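A.B. asks: Here you go, one structure.
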Amino acid sequence: MTQRRARDVLSLLLGLGLAGSAYADLTLNAAVSETNTAPYAIFSESGTLTAGLAKDLLDRLAVRLDARLNYLNLPRGRVTDWLLDGRADIGCFLNPDWVRVPGLAWTPVLFHTQQLIIRRKGSARVYTAVDLRRKRIGTTRGFVYPELSLSFSTGQAVRDDAASLESNLQRLKQGRVDLVMSVDLSYGYLQKSAPDPELEADPLWAEPVAVYCGLNPAKPQLVLAIQQQFELMKKAGELEPMLAKWGRYQPEL
């Protein structure tokens, strides 16, 4: 950390009452779910977070706050509960529209992600919700798809959950599902590491989705410190290189 940045952080923390011995002992409890598809989170076989965008973001935040990090590997469905009851301080790659229970605090928007519909090469392109009729769609367990909720609830399309994007893509190639939901960063990472010419992707008709981190609302001083640091990271241009490092899929329009 540069001297100037250290002074900025110290001034912020002094103003928030977070500096001093109490702050020096801060451990930031970060919820990172294994169900976050790579490259959002990459875990070892033993369940340890070893790489990915979550680690890049949170490691950098911890340096800026001069805090220790404690990573909590949680099922995605439990992240919100742990944030609300104080067992976790931060959980990333969320959006207020995906959280059914109100009350979380939020970071600024970190980036936007384009949702994709993956299909077998040569199959009909998907342009609107009408094209989903009578289709079985591979989705990821624990994820929310607001744009498809009406199609699922009315039975026009069938939601078929799997544990991972890789599992869904395998089922797609086997003909067990007709389409698979993904996002540009996840699908781009897979295509970059292991290109699959048998698959094609269409952008969902909705606008790109804003991505945030949810925060424990019971710690307002820490919330403000985290929000400020993410703003500084954005202004310093630190987020885009993290995203570019992992690759993004650019669908044909």
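A.B. asks: At 7 Å along Cα-to-Cβ for each site, give me the label-to-label distance between Ala129 and Arg159 in nm.
C.D. replies: In this crude spin-label approximation the distance works out to 1.4 nm.
A.B. asks: Report the antiparallel proportion of the DSSP beta bridges in the chain as a percent, rounded to a multiple of 5.
C.D. replies: 55 percent
A.B. asks: Could you give the distance between the Cα centres of region 65-87 and region 228-249, to the whole Å?
C.D. replies: With region 65-87 and region 228-249 each reduced to a Cα centre, they are spaced 22 Å.
A.B. asks: Which one of Pro39, Leu104, Val63 has its Cα pushed farthest toward the positive end of the charge dipole of the chain, where Lys and Arg give +1 and Asp and Glu give -1 at the Cβ?
C.D. replies: Pro39
A.B. asks: Let me ask something else. Quickly estimate the mean residue ellipticity at 222 nm for the chain, helices only: each DSSP H run with n ≥ 4 gives -39500 (n - 2.57), and the total goes over all residues, rounded to 500.
C.D. replies: -10000 deg cm²/dmol
A.B. asks: Here's a follow-up. Once label points are set 7 Å from the Cα along Cα→Cβ at both Glu238 and Thr50, what is their separation, rounded to one decimal in nm?
C.D. replies: That separation, rounded to one decimal, is 2.6 nm.
A.B. asks: When you count, for each residue, the other Cβ atoms within 10 Å and take the mean per peptide, how do 82-91, 154-163, 179-188, 42-51 rank with the highest first?
C.D. replies: 179-188, 82-91, 154-163, 42-51
A.B. asks: Something else about it: About its Cα centre, what dipole magnitude does region 15-120 give when the only charges are +1 on Lys and Arg Cβ and -1 on Asp and Glu Cβ, stated in debye to the nearest 20?
C.D. replies: Its charge dipole is roughly 380 debye.
A.B. asks: Would you work out the charge dipole size for the chain about its Cα centre, treating the Cβ of every Lys and Arg as +1 and the Cβ of every Asp and Glu as -1, and quote it to the nearest 20 debye?
C.D. replies: Result for the chain is approximately 220 debye, rounded to the nearest 20.
A.B. asks: Under a cut-off of 24 Å between alpha-carbon atoms, report the lysines in cross-link reach of Lys121, not counting same-chain residues fewer than 8 places apart.
C.D. replies: Lys135, Lys173, Lys192
A.B. asks: For Leu150 and Val63, FRET efficiency with R0 = 30 Å and r from the beta-carbon atoms, rounded to 0.05?
C.D. replies: Calculated transfer efficiency: 0.10.
A.B. asks: For the chain, which whole-number percentage of the solvent-accessible area (1.4 Å probe, protein heavy atoms only) is attributable to carbon and sulfur atoms?
C.D. replies: Exposed carbon and sulfur together represent 52 percent of the surface.
A.B. asks: Which of Gln250, Thr154, Leu204 sits farthest toward the positive end of the charge dipole of the chain, with +1 on the Cβ of Lys and Arg and -1 on the Cβ of Asp and Glu?
C.D. replies: Sorting the options by dipole projection puts first Thr154.
A.B. asks: Rounding to the nearest 20 debye, state how big the charge dipole of region 120-252 is about its Cα centre with +1 on each Lys and Arg Cβ and -1 on each Asp and Glu Cβ.
C.D. replies: 340 debye
The values are calculated or read from the model by the stated rules, or taken from the named source; none is laboratory data. Only a predicted model underlies this, so the values are computations on that prediction, with no experimental measurement involved. We place every Cβ from the backbone using ideal geometry, glycine too, and count neighbours over all the protein chains shown. Calculation scope for accessible area: heavy atoms of the full protein, side chains included, ligands and nucleic acids excluded. Shrake-Rupley method; radii C 1.70, N 1.55, O 1.52, S 1.80 Å.
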